[in-house]
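The values are calculated or read from the model by the stated rules, or taken from the named source; none is laboratory data. No experiment lies behind these values; they were computed from the predicted model shown. Because the Cβ atoms are built from the backbone with ideal geometry, glycine has one as well, and the counts that use them run over all protein chains shown.
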Amino acid sequence: MDFEYSDEQRMLKDSIDRLIGPAYDDLGKRKATQAQGPGFSEELWSKYAELGLTALPFSEEDGGFGGGPVETMVVMEAIGRGLALEPYLASIVIAGNLLRLGGTAGQREACIPKIADGSLRVAFAHVERQARYDLFDVGTHAKKTDHGYTIEGDKSVVLSGDSAQKLIVSARTSSASRRDHHGITLFLVDADAPGISRRDFPTQDGQRGAAISFAGVDVPESAIVGTLDHGGELIAHVIDIAIAAVCSEAVGAMTSLHALTLDYLKTRKQFGVPIGSFQVLQHKAVDMFTALEQARSMTYFAAMMATSDDPRERRRALSAAKVQINNSAKFVGETAVQLHGGIGVTMEYRAGHYFKRLTMIQSLFGDTDHHMRIVDHAGGMLETV
């Protein structure tokens, strides 16, 4: 099978590298960007739009470029290499695909052109405190009214939810069980609608999140994204797409961390010689490279399976990929810190920031044990590290 990028994909890679590389080539710039109001660069976000990155996954009919998981993989890998802070995962990969796959013609017409030109950011308000990694554990409820629905509930970790102008909110509209796969509906809501309160916070890896409460938030029936009571299927599909995206981001981060570690081994001296001349450390560096390449292979697999029409096979494939990514990220991150010594965990050195992001990715959309259980219940998986 040919895994080479097409000419267009290579051009995309070169463009995004030229954009992100200079913007995040040292920690001082990244810290200055974090200190800005939304926690990322509005100017750089506009440049994402100018390059067409924010329009990438949407169909040409909706004003996009019709890109697929491979194009998303290219962008997310570059974001991982640069430790970029812009909300591409939250607004484009997750919320954008919810609208692309489930939005009505009116919703797509009203939102997608604005998302594509960078003027509108959307976040997915779904995770709840009690749910852990269960996508279908939704306690927020939407009660039917004469004019639509009224939403009540709390969402605990909304990625980039502090700076989003619109929210896609999951709420239970039927079913007595809080964990039932049926009975979940998605709603498109203005983030400043009456009854919504947001508490923003920084995450451990330097990005942003929000806890959002919904107290009597009234929405019309036209706010429904997808099909009434069948939002669970749409959520599962889009989270599979998001898992493929974070696999790519992790590969980008591991690639940079491995290169940083090799450079350190070549320059740090002990007993008058570079420590990279010690065979045991060379073996460690090779083991890091092996884990990285295993992760890269499973990321290609994830990108290919993210659009599968078979939900069972898609979920097994994406969970298998996430297991490998988590294992590789843990090994590469911990080994890099060990080879660097104390400097590897300082805030003044880049390696520690890669380690933090890789650690966060290991829990994002499910940790290793969670995805191992999914694969086991589905009948097995490929061998991993």
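Values computed for the structure shown
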{"item": "Residue under evaluation SER222, criteria (1) out of contact with any Lys or Arg (no Cβ under 9 Å at 6 or more places or on another chain); (2) free of Cβ contacts under 8 Å to residues at least 60 places away in the same chain, criterion not met", "result": "(2)"}
{"item": "Qualifying residue in region 276-298 (condition: modelled with pLDDT of 95 or more, over 23 Å from ARG350 (Cβ atoms) and touching a Cys at 6+ places or on another chain (Cβ under 9 Å))", "result": "yes"}
{"item": "Matching residues in region 40-79 - criterion: being aromatic (Phe, Trp, Tyr) and within 19 Å of ASP25 (Cβ to Cβ)", "result": "PHE40, TRP45, TYR48"}
{"item": "Tally, over region 194-224, of residues that are closer than 20 Å to GLY139 by Cβ and not in a strand (DSSP E or B)", "result": "2"}
{"item": "Hey, VAL337 buried (at least 22 other Cβ atoms within 10 Å of the Cβ), more than 25 Å from ALA125 (Cα to Cα) and either free of Cβ contacts under 8 Å to residues at least 60 places away in the same chain or more than 17 Å from the chain's Cα centre (by Cα) (or both) or not", "result": "no"}
{"item": "Members of region 296-319 found to be surrounded by 24 or more Cβ atoms within 10 Å (Cβ to Cβ) and assigned to a loop (DSSP other than H, G, I, E, B), listed by number", "result": "ALA306"}
{"item": "Test for ALA84: is it at pLDDT 95 or above and outside any loop (DSSP other than H, G, I, E, B)", "result": "no"}
{"item": "Answer from GLY39, GLY28 - the residue that is surrounded by fewer than 22 Cβ atoms within 10 Å (Cβ to Cβ), in contact with a Lys or Arg (Cβ under 7 Å, 6 or more places away or on another chain) and either under 24 Å from ALA351 (Cβ atoms) or in the same structural domain as GLY352 (by TED's automatic domain parsing) (or both)", "result": "GLY39"}
{"item": "All positions within region 13-41 that are of a type outside the set (Lys, Arg) and under 19 Å from the mean Cα position of the chain (by Cα)", "result": "ILE16, ASP17, ILE20, TYR24, GLN34, PRO38, GLY39, PHE40, SER41"}
{"item": "Filter result (hydroxyl-bearing (Ser, Thr, Tyr) and either crowded, with 21+ Cβ neighbours inside 10 Å or farther than 30 Å from GLU50 by Cβ (or both)) within region 119-138", "result": "TYR133"}
{"item": "Some residue of region 109-116 being basic (Lys, Arg) and either in contact (Cβ under 8 Å) with a residue 12 or more places away in the chain or in a loop (DSSP other than H, G, I, E, B) (or both)", "result": "no"}
{"item": "Among the candidates GLY216, GLY272, GLY276, residue that is in contact (Cβ under 8 Å) with a residue 24 or more places away in the chain and either of a type outside the set (Asp, Glu) or closer than 18 Å to VAL122 by Cα (or both)", "result": "GLY216"}
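Rundown of residues vs (1) within 19 Å of the chain's Cα centre (by Cα); (2) assigned by TED's automatic domain parsing to the domain that holds LEU101; (3) among the aromatic types (Phe, Trp, Tyr); (4) surrounded by fewer than 19 Cβ atoms within 10 Å (Cβ to Cβ), yes/no style:
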| position | (1), (2), (3), (4) |
| --- | --- |
| VAL225 | no, no, no, no |
| SER248 | yes, no, no, no |
| SER256 | yes, no, no, yes |
| LEU260 | no, no, no, yes |
| VAL280 | no, no, no, yes |
| ASP287 | no, no, no, yes |
